[in-house]
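Working notes, beginning with the structure itself.
The values are calculated or read from the model by the stated rules, or taken from the named source; none is laboratory data. Bear in mind the structure is a predicted one, so any value in this text is a computation, not a measurement. These accessible areas exclude ligands, DNA and RNA; they are computed on the full protein's heavy atoms, side chains included. Shrake-Rupley method; radii C 1.70, N 1.55, O 1.52, S 1.80 Å.
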Amino acid sequence: MLNAIRSSKSNVFGWILILLLIVALAGFGFSELVTGGRSNTVASVGDQTVTVNEFAQAFQNRQQQLSQQVGSRLSTQDLVASVVDQAVLQQLTRTATVDSEASELGLSVSDEVVRRSLAQTDAFRGVDGTFSADMYEFALRNANLRAGEYEDTVRRDTARAMLAEIV
């Protein structure tokens, strides 16, 4: 066996082939090495992506909704068997499609429009009926959201509504 390996040393073509094979295989594995073998994206449409966290949050929300309707806690296995996971992914993909189209059309929502939307949200009003920064922070903290994330969501939702009006 060693003699066969030693004799292949003289075969330059064989070594070049092996070297090319190693380089090619290393190229395939390099991206997994850099990302740890994980991707944070479940789906992408145009310049928009659906992340694992967005999918998990949407799935969990749907699980809670269905559990309330049924009156008992539904397991993840039950929901996957009922293809609820696929329905959630399809909804997120449709939303990403609309967001991508809004982005392509250059639709944007100003900070002032976002502020007005926040001021009109009942959950953020104090006892006097006006916007309360304390209530805003309290509601976001309870929802485990940061202000920037929530405001970006409001901005995207408003842009989607604008696009729907245009269509």
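Converting phi to 3J(HN,Hα) with the Karplus coefficients 6.51, -1.76 and 1.60 and the offset θ = phi - 60°, segment 157-167 yields 4, 5, 5, 4, 5, 4, 5, 4, 5, 5, 5 Hz in sequence order, with x at every glycine or proline. Mind running the shape call on segment 82-167? Use the C-alpha gyration tensor, a ≥ b ≥ c as the square roots of the eigenvalues: rounded below 1.5 for a/c, prolate if a/b tops b/c, oblate otherwise. Oblate, because a/c is 1.5 or more while a/b does not exceed b/c. Along segment 101-116 the Karplus relation, 6.51 cos²θ - 1.76 cosθ + 1.60 evaluated at θ = phi - 60°, assigns HN-Hα couplings of 5, 4, 5, 4, 7, x, 6, 9, 10, 6, 4, 5, 5, 5, 4, 4 Hz to successive residues, with x for each Gly and Pro. Based on C-alpha pairs under 8 angstrom that are at least 6 apart in sequence, segment 65-167 has a relative contact order of 26 percent.
Per residue, segment 42-167 exposes 67 Å² of solvent-accessible protein surface, assessed with a 1.4 angstrom probe and all protein chains in place.
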